[in-house]
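Following: one structure in structure tokens, then a few remarks.
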Amino acid sequence: KKWQGQIDSPLTEKGIKQAEKNADYLCNKHIDAIFVSPLGRAKATASFLTSLIPNVPCTEVDCLKEIDCGDAEGITFDETRKKYPHLIDRINLRDLESPLPGGESYISVTKRLRPFVKMLKRDYSEKTLAIIAHGGVNRMLIGTLFSLPDKELVEIFVPNDVIYEIVLLRNFPKVYHIRNGERKKGFVLRDVN
């Protein structure tokens, strides 16, 4: 329950178990390429998958780094609410345009992801990819792929133990979520109460 941001923290024991479980699920799927954030926790997550499918190319992509949370990195959500009460809408994901002090906004994350998404659509349109990044970046990546308005985008929950399977068809993109090996249609939605 801390803002990790771009702190290069290791995976926890729970994170290791989640990464192993997700790698076990994905290794039985055909994957043409893997793209991963250069932050240590994402690379560690990817290592479980690449050890199971070592012949699949894995590329570190700088734009997949987590959102820069600036001065809030390393402090808890509750501490952030007390320290920056004027930014409560940003903290609660109701404001995607305001950054935390010294950090970046969700909108700026979207801007840095656009060239990557354009490249994926151009160079990998008929391929199956695994993208291993972070909650904030993954949310904005999903929003970019689906052209979601902010109101819908912030309702998507991007927990560490979920794989999102996105099938981009010309006029009808589909999404599934996989949790504990069970595949269901649609996104996991966050409790916004």
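Based solely on its DSSP helices, what 222 nm [θ] is calculated for the chain when runs of n ≥ 4 H residues each add -39,500 (n - 2.57) and the sum is averaged over all residues, nearest 500 deg cm²/dmol? Please list the in-between numbers first.
Values: 7 runs with 72 residues, N = 193.
Value at 222 nm, helices only: -11000 deg cm²/dmol.
Using the heavy atoms of the protein chains and a 1.4 angstrom probe, tell me the accessible area per residue for the chain in square angstrom.
With all protein chains present, the chain gives 57 Å² per residue.
Take the alpha carbon gyration tensor of region 14-87, find the square roots of its eigenvalues, order them as a ≥ b ≥ c, and report rounded if a/c is under 1.5; if not, report prolate when a/b exceeds b/c, else oblate.
Since a/c reaches 1.5 and a/b is larger than b/c, the shape of region 14-87 is classed as prolate.
Round to a whole number: what % of the accessible area of the chain belongs to carbon and sulfur, probe 1.4 Å?
49 percent
Can you compute the equivalent ellipsoid semi-axes for region 126-180, i.e. the square root of 5 times each eigenvalue of the Cα gyration tensor, sorted largest first and rounded to whole Å?
Working through the eigenvalues yields semi-axes of 17, 16, 10 Å.
What is the distance in Å between the Cα centroid of region 136-183 and that of region 27-64?
Using only Cα atoms, the two centres lie 18 Å from each other.
Would region 99-193 count as rounded, prolate or oblate if I go by the C-alpha gyration tensor, calling it rounded below 1.5 in a/c and otherwise prolate when a/b exceeds b/c, oblate otherwise?
Judged from the Cα gyration tensor, region 99-193 comes out oblate (a/c at least 1.5, b/c at or above a/b).
Quick check: from the Cα gyration tensor, does the chain come out rounded (a/c under 1.5), prolate or oblate?
prolate
The values are calculated or read from the model by the stated rules, or taken from the named source; none is laboratory data. All of these numbers come straight from a predicted model, not from anything done at the bench. For accessibility, only protein heavy atoms count, side chains too; no ligands or nucleic acids. Shrake-Rupley method; radii C 1.70, N 1.55, O 1.52, S 1.80 Å.
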